[in-house]
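The values are calculated or read from the model by the stated rules, or taken from the named source; none is laboratory data. Since the model is a prediction, treat every value here as computed from it, not as a measurement. Don't worry about glycine lacking a Cβ; one is built from the backbone with ideal geometry, like all the others, and counts go over all protein chains shown. Each accessible area value is taken on the protein alone, full model and side chains, heavy atoms only, with ligands, DNA and RNA left out. Shrake-Rupley method; radii C 1.70, N 1.55, O 1.52, S 1.80 Å.
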Amino acid sequence: DAGVIQSPRHEVTEMGQEVTLRCKPISGHNSLFWYRQTMMRGLELLIYFNNNVPIDDSGMPEDRFSAKMPNASFSTLKIQPSEPRDSAVYFCASTQGGALYNEQFFGPGTRLTVL
Amino acid sequence: ELKVEQNPLFLSMQEGKNYTIYCNYSTTSDRLYWYRQDPGKSLESLFVLLSNGAVKQEGRLMASLDTKARLSTLHITAAVHDLSATYFCAVGGANAGNMLTFGGGTRLMVKP
């Protein structure tokens, strides 16, 4: 299996622009997570999907952030408009929900820089 | 609310020495995970601990879980430079579904 796939790996944009991050979970996994990692705040859970349905989005910072999971093999995290404080590494992770244990497998991350 | 605390946050040690990283959590859980993150890389799963008294070992790393004390330890034996990384513990809450709560991480630097 190719593991969790994220694109792009790096994104540099200017303040005010729309940014879309993409994630393909491991085939057969039915839970997907978006995390953000910064030096200041560490690893933060933004949103969690189970069977394509958002279960907990309490970590989404504000209305500028939105996430969708239209099917079991694809999710997007959108920031509109982007701001410099959104600069971070964004990770997507997936797990086989309902298994005996729910080890999360992380993608390589997208490093976002907002100028 | 489940809280997970790791200590120390930063650890600098000499090669060949032993040390332990601690992970405390605030509420009942039967699932604890250890991850490793190299600089600029993603998180990689190291150990899965599912029951009280569970012990897992891989090379110079050994993880254990005491659910009664709500404590997990990651013990490093005879450290080598290649172990330099940030180590995270993550805990699954009793009613949290598939969610995990991560500790703040321990940045380990092993000096030659």
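Points worth noting:
- 10 Å Cβ neighbours from other chains, averaged over peptide B:52-60: 0
- Trypsin sites (Lys or Arg not before Pro) restricted to DSSP loop in segment A:2-62 with at most 16 other C-beta within 10 Å: A:9, A:41
- Range in chain B, longest, excluding exposed GluC sites (Glu not before Pro) [loop by DSSP; at most 14 other beta-carbon atoms within 10 Å]: B:16-112
- Charge dipole (Cα centre; +1 on Lys/Arg Cβ, -1 on Asp/Glu Cβ; no other charges) of segment A:12-115 amounts to roughly 240 debye.
- The calculated P(r) of segment B:1-88, using every Cα pair and 5 Å bins from 0, goes 3, 14, 25, 26, 19, 10, 4, 0 in percent.
- Sites excluded, GluC sites (Glu not before Pro) in DSSP loops with at most 16 other C-beta within 10 Å, longest stretch of chain A: A:63-115
- Computed over every Cα-Cα pair of the protein assembly as shown and binned at 10 Å starting from 0, the pair-distance distribution P(r) comes out as 8, 33, 34, 20, 5, 0 percent.
- Take each residue of peptide B:42-50, count the partner chain Cβ atoms within 10 Å of its Cβ, and average: the result is 4.
- Between A and B, accessible area buried - total, square angstrom, nearest 100, 1.4 angstrom probe: 1500
- Magnitude of the charge dipole, the protein assembly as shown, Cβ model with Lys/Arg +1 and Asp/Glu -1, debye to 20: 380
- Reachable lysines, given that their alpha-carbon falls under 18 Å from the alpha-carbon of residue B:111 and they are not under 8 places away in the same chain: B:17
- Calculated diffusion of segment B:37-112, Stokes-Einstein form, Kirkwood radius summed over Cα pairs, 37 °C and 0.692 mPa s, µm²/s: 240
- Paired Rg and Dmax values of chain A, which use every Cα atom, in angstrom: 13.4, 44
- Under 26 Å from the Cα of residue B:68 - lysines, other chains or at least 8 residues apart: B:3, B:56
- Within segment B:8-112, the trypsin sites (Lys or Arg not before Pro) that combine a DSSP coil assignment with at most 12 other C-beta atoms in a 10 angstrom radius are B:17, B:68.
- Residues considered: B:90, B:79, B:54. Largest GNM mean-square fluctuation over chain B, using C-alpha springs under 10 Å, is found at B:54.
- Accessible surface computed residue by residue for the protein assembly as shown, with neighbouring protein chains in place and a 1.4 Å probe, gives 50 Å² per residue.
- For segment B:29-105 and segment A:1-74, distance of Cα centres in Å: 23
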